[in-house]
1. Working carefully through the options Val229, Val205, find the one that is crowded, with 20+ Cβ neighbours inside 10 Å, in a strand (DSSP E or B) and either in the same structural domain as Ala348 (by TED's automatic domain parsing) or touching an Asp or Glu at 6+ places or on another chain (Cβ under 7 Å) (or both).
2. Looking only at segment 317-333, count every residue that is over 20 Å from Glu258 (Cβ atoms) and either over 34 Å from the mean Cα position of the chain (by Cα) or surrounded by fewer than 16 Cβ atoms within 10 Å (Cβ to Cβ) (or both) and tell me the total.
3. Tell me yes or no: at least one residue of segment 163-177 is in contact with a strand residue (DSSP E or B) (Cβ under 8 Å, 6 or more places away or on another chain), part of a loop (DSSP other than H, G, I, E, B), in contact (Cβ under 8 Å) with a residue 60 or more places away in the chain and surrounded by fewer than 22 Cβ atoms within 10 Å (Cβ to Cβ).
4. How many of the residues making up segment 286-302 are assigned to a strand (DSSP E or B) and either hydrophobic (A, V, I, L, M, F, W, C) or modelled with pLDDT of 95 or more (or both)?
5. If you go through segment 334-344 one residue at a time, how many are surrounded by 14 or more Cβ atoms within 10 Å (Cβ to Cβ) and over 13 Å from His285 (Cα atoms)?
6. I'd like to know if segment 68-77 contains one or more residues that are crowded, with 16+ Cβ neighbours inside 10 Å, at pLDDT 95 or above and part of a loop (DSSP other than H, G, I, E, B).
7. Against the condition over 30 Å from the mean Cα position of the chain (by Cα) and outside any loop (DSSP other than H, G, I, E, B), how does Asp118 come out, does it pass?
Amino acid sequence: MDLSIHDLVKRFGKLTALDHVSLEVAQGSFVCFLGPSGCGKTTLLRVIAGLEEADGGSIRLGDSDLSAIPARNRNFGVVFQSYSLFPNMTAARNVGYGLECRRWDRPRMQNRIKEMLDLVHLADQAEKLPSQMSGGQQQRIALARALAPDPSALLLDEPLSALDAKVREELRIEIRAVQKRLGITTIMVTHDQEEALAMADLIVVMSKGRIEQIGTPQQLYREPATAFVADFIGRMNVLPLDPGAAAGSYSFGGTALEVATTVNGSKGPSAPAALGIRPEAVALHEAGASGENILAANVRSVSFLGNITRIELAPENRPEIAIVAELHGTAAVPETGARLAVSLPADALRVLS
C-alpha cells in the first residue's frame, strides 16, 4: 500500500518543525529523508511512526487514515540510531520480542526467528547477548527484530550513524539487499548524502521544515532545483549572477555565459539567483585560451586526494568566489598561483533559484 502524506504540520511551541509537508511514498520503494540537523526529517519520521502527533494534515496508508491510530497499532517496524536491544536477552529473544507481544504460537515464532537471523546472516549468534556482539551485529539484530512481525513499512532513524565508516558501508549494502528481497516499503532518515545516494530509490531533501526537492539520486545530482540542493547533494560551484542582466541572460564576473537547458527543458526563471556547475565538469586550459564560457582565474590551492586532485581557483573578476575543479587520474596538475583559462560548459551549467 502507498503511504500518502498531505499538508503535514508540526509545531514545538513557536518553532514550526514541519511546514505543510506533502509527499507520496510508493509501495515497495526505499525513500530517504535527507537534510542537515534541525531540518525536520526525524520529526517527519516520528509523526509517520505515531511517536509524535501532528498539529495538522493527514497520513494515509492505502485507504486507512493513520491520524487516530496509536503507534503500537500502525504495524510499522522501527530501527533507531541507538540499537535499543534488551541487554539481558539473547539475540534470538530480542528478535522474537515483538512476536511474543503479538502472542504468536511457539513453533511459528521459532521459525520466524530463525528466518530473520538467517536473513541478516547472524544465525550463529542466536544465543549471544548484545554485549557479546559488535555494533554492526547489534544493528543487524535490531533490523531483524523490526522485520520479524512482517510490518507494513520499515522506518529507519539514522541507523548507521553510530558505526564506523567501513561497517556503515557494509551495512548499507546489506540493508538495501534485505529491502529489495522483501519488497518492503522503507523510509530512512539520514544526514549523510553518500548514504542516501547509494541506498534510495527516491530522496526527499528537506530544509527548515519544508521539502526543497524530491527526486531520484540521479535527478538530484544532475538537476538540482535550488542552490541549497545543489550545495547539499555532492559538491557544486554556485556562481552568483551579476545584477541587471536581461531576462534569459546570464553573466558572472562580467562574462556572458551560455546555458543549455535545465530540468524542465527551458533556460530557467526570468530572475534566477545563481548558476551551478559540478567540479568534475569544470575544464582547465592554458591562459589566453578562447571560446564559449571562458573565465580567467588564478590557482588558489591544489589538494591531492589519491584518485582525484582538487583545484581551487579565484576568478580574476570575482576573486571572492571560489571555483573548484576536479582532475581525475594522471591529468597534468597546475601549480599554485598559476593563471589559467577556466571553461564552464553550457550543457553542465544549471540555473538555480
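1. Of the residues listed, the single one that is crowded, with 20+ Cβ neighbours inside 10 Å, in a strand (DSSP E or B) and either in the same structural domain as Ala348 (by TED's automatic domain parsing) or touching an Asp or Glu at 6+ places or on another chain (Cβ under 7 Å) (or both) is Val205.
2. Residues that pass the stated criteria total 9.
3. For segment 163-177, residues in contact with a strand residue (DSSP E or B) (Cβ under 8 Å, 6 or more places away or on another chain), part of a loop (DSSP other than H, G, I, E, B), in contact (Cβ under 8 Å) with a residue 60 or more places away in the chain and surrounded by fewer than 22 Cβ atoms within 10 Å (Cβ to Cβ): absent.
4. Within segment 286-302, residues that are assigned to a strand (DSSP E or B) and either hydrophobic (A, V, I, L, M, F, W, C) or modelled with pLDDT of 95 or more (or both) number 9.
5. Count: 0.
6. The answer is no, given that none of the residues of segment 68-77 is crowded, with 16+ Cβ neighbours inside 10 Å, at pLDDT 95 or above and part of a loop (DSSP other than H, G, I, E, B).
7. Spelling it out, it is not the case that Asp118 is over 30 Å from the mean Cα position of the chain (by Cα) and outside any loop (DSSP other than H, G, I, E, B).
The values are calculated or read from the model by the stated rules, or taken from the named source; none is laboratory data. All of these numbers come straight from a predicted model, not from anything done at the bench. Glycine gets a Cβ as well: all are built from the backbone with ideal geometry, and neighbour counts include every protein chain shown.
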